[in-house]
Amino acid sequence: FDVATKTFGLDRKKCLMIGDNLGTDIAIGLKSGIDTMLVMSGVTNEQMLKDELKKEDAKVPTYYWERLEW
């Protein structure tokens, strides 16, 4: 994200990391200081999110959605 924001002149406050994996997609977004949206249509499901939220060091997405449709 550092390279992308510099290369394309992006404002982190206007970026959103969308992904289906708490351990990778959401973790990277959180570590990069941008908002995140978990889509529970792939790796992570609702129960996994609930389990994560019980942890002291939980990876909490800014938003979550059941699935994206076109």
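The values are calculated or read from the model by the stated rules, or taken from the named source; none is laboratory data. Predicted model, so just to flag it, every value in this text is computed and none were measured. Methodologically, a virtual Cβ is constructed for each residue, glycine included, from the backbone with ideal geometry; neighbour enumeration extends over all protein chains shown. Just so you know, the surface numbers come from the protein's heavy atoms only, side chains and all, with ligands and any DNA or RNA stripped out. Shrake-Rupley method; radii C 1.70, N 1.55, O 1.52, S 1.80 Å.
Annotations
- Nitroxide proxy distance, nm - points 7 Å out along Cα→Cβ at Q47 and K31: 2.8 nm
- Accessible area expressed per residue, the chain, with surrounding protein chains retained (probe 1.4 Å, Å²): 76 Å²
- Size of electric dipole in the chain: Cβ of Lys, Arg +1 and of Asp, Glu -1, about Cα centre, debye, nearest 20: 260 debye
- Most to least accessible of S32, S41 (protein chains only, probe 1.4 Å): S41, S32
- Computed in the context of the full set of protein chains, the accessible area of the chain at 1.4 Å probe radius has 55% of its extent on carbon or sulfur.
- Loop-resident trypsin sites (Lys or Arg not before Pro) (DSSP state other than H, G, I, E or B) in the chain with no more than 15 further Cβ atoms inside 10 Å of their Cβ: K54, K55, R67.
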